[in-house]
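Worksheet for the structure shown next.
The values are calculated or read from the model by the stated rules, or taken from the named source; none is laboratory data. The shown structure was predicted, so the numbers you read here are calculated from the model rather than taken from an experiment. All Cβ positions, glycine included, derive from the backbone under ideal geometry; neighbour counts span all protein chains shown.
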Amino acid sequence: MKTFLEEVNERINGVPIQRCYHCRKCTAGCPLAFAMEYNPNRIIKMIQLGMKREVLTSSTIWLCASCETCITRCPNQVDIARMMDVLREMAIREGIPAKEKNVLSFHQAFLSCIRSRGRINEPLMMVNYKLRSGDLFSDMGMGIDMFLKGKLPLISPKTKDLKAVRDIFEKTK
């Protein structure tokens, strides 16, 4: 049976997280570390210690914005943003609910938009998210203002090779 560390490394399919020597540059650069239950460096340590339940039930994996500041600062190119994505998918597969309200709904709306169009269409994704979260009107005024200022195009171009995008989703089920 694989350890939690082996399972995560296999799914990352890149630089193994054992290369982390805990310099904490990832945490120092993370714009959301202040809001996280455990900082990125601590999550890596918890994975290395086999603390699967604690990691998958933490709010940290759902708060990561995947901005990739961590990987640009990491002297060993440990892809923490990819690691967080893998951890979110593992939590979903294991039926572990996200600690942060509606973040799973946003994640699902985002992936649904990518799957259907190959790229983000903001209005379509917002409608999808609003329907999933049940929070239909809380920021409608801001949405209208953004639309009137030209920040939310009604139609965004589709990806040229939509089949390739769908193949990726099929392979990574």
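Cys64 passes every criterion in (1) buried (at least 18 other Cβ atoms within 10 Å of the Cβ); (2) closer than 28 Å to Pro157 by Cα; (3) in contact (Cβ under 8 Å) with a residue 12 or more places away in the chain; (4) not assigned by TED's automatic domain parsing to the domain that holds Ile12 apart from (4). For segment 106-138, the set of residues classified as in contact with a Phe, Trp or Tyr (Cβ under 6 Å, 6 or more places away or on another chain) and within 22 Å of Thr57 (Cβ to Cβ) consists of Phe106 only.
For segment 118-158, name all the residues that are closer than 26 Å to Arg93 by Cβ and β-branched (Val, Ile, Thr). Across segment 118-158, the qualifying residue is only Ile120.
Residues to consider are Gly118, Gly141; find the one that is small (Gly, Ala, Ser) and touching a residue at least 24 places away in the same chain (Cβ under 8 Å).
Working: Gly141 fails: touching a residue at least 24 places away in the same chain (Cβ under 8 Å).
Within the list Gly118, Gly141, the selection yields Gly118.
To keep it simple, each residue is scored yes or no on (1) part of a loop (DSSP other than H, G, I, E, B); (2) within 15 Å of the chain's Cα centre (by Cα).
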{"residue": "Ser105", "(1), (2)": "no, yes"}
{"residue": "Met125", "(1), (2)": "no, no"}
{"residue": "Lys130", "(1), (2)": "no, no"}
{"residue": "Leu136", "(1), (2)": "yes, no"}
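Taking (1) outside any helix (DSSP H, G or I); (2) loosely packed, with under 12 Cβ neighbours inside 10 Å; (3) on the phi < 0 side of the Ramachandran plot in turn, Ile144 satisfies each apart from (1).
Listed by position, the helices (runs of 4 or more DSSP H) enclosed by segment 1-73 that each have at least 1 residues that are polar (S, T, N, Q) are 4-12, 25-29, 40-48, 60-63, 69-73.
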